[in-house]
1. Rounding to the nearest 20 debye, state how big the charge dipole of the range 83-140 is about its Cα centre with +1 on each Lys and Arg Cβ and -1 on each Asp and Glu Cβ.
2. For LYS77 and ALA134, calculate 0.36 nm times their separation in residues minus their Cα-Cα distance, and state this gained length in nm to one decimal.
3. Sorting GLU109, GLU98 on the 10 Å Cβ count, fewest up front, what's the list?
4. Once you list every other residue whose beta carbon is under 12 Å from the beta carbon of ASP95, what net charge do they have if Lys and Arg are +1 and Asp and Glu are -1?
5. Using 0.36 nm per residue, how much length does the chain from ASP87 to ASN62 gain when fully extended, once their Cα-Cα distance is taken away?
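Throughout, read-outs are computed from the coordinates displayed, never taken from laboratory work. Because the structure is predicted, anything quoted here is derived from the model rather than measured. Here the Cβ positions follow ideal geometry from the backbone for every residue, glycine too, while neighbour counts run over all protein chains shown.
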Amino acid sequence: MKDLASFLREIPEHITSVNIYIIGDHIIMSNFTNIGTIGNLNYKGVQVANSINTNIGNLLKNKETVDIAKAIGELTKAIGAEENLQDETRQDLLDQMEFISGQATAAAEQRKSGMIRRTINDLAVYFAGAGGLAASWDMWGPVIMKFFGLT
């Protein structure tokens, strides 16, 4: 992995503000302030989870979706903080959280209920078997399941 200074020089110049978390060998960036629209950025397999943060921000604007926003945020942070995850597994979990956060922002009639159910089941199984993540799922998983009508 490059040193942090080298990494920072490669951030596109339209990004004007960003939070950077260094967790073990992983660099995770979030809460972008940017000019223009950007997608997810990758650096050596490390996901920059901008779309999850955007979805959480949209969910926080509505009183009825504040709890799901907090749950998605806390589970995403737990994934980022878990030191025992391989890069590929971390990326898979972040992709699943991105899907769940996107579905939470969609109108109920536009949600992909079968895919939501499978994704949440996959997350529950993984979190339950991954030591440090189990407590996070115990706390926030039921919030997600209730929001999507899976309780």
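1. 320 debye
2. On the way: separation 57, 0.36 × 57 = 20.52 nm, distance 1.33 nm.
Gain on stretching LYS77 to ALA134: 19.2 nm.
3. Details: GLU109 5, GLU98 20.
Listed from fewest to most nearby Cβ atoms, that is GLU109, GLU98.
4. Working: positive: ARG90; negative: GLU88, ASP92, GLU98, ASP122.
Taking every other residue near ASP95 into account, the sum is -3.
5. Numbers: separation 25, 0.36 × 25 = 9.00 nm, distance 3.34 nm.
Contour length minus Cα-Cα distance gives 5.7 nm.
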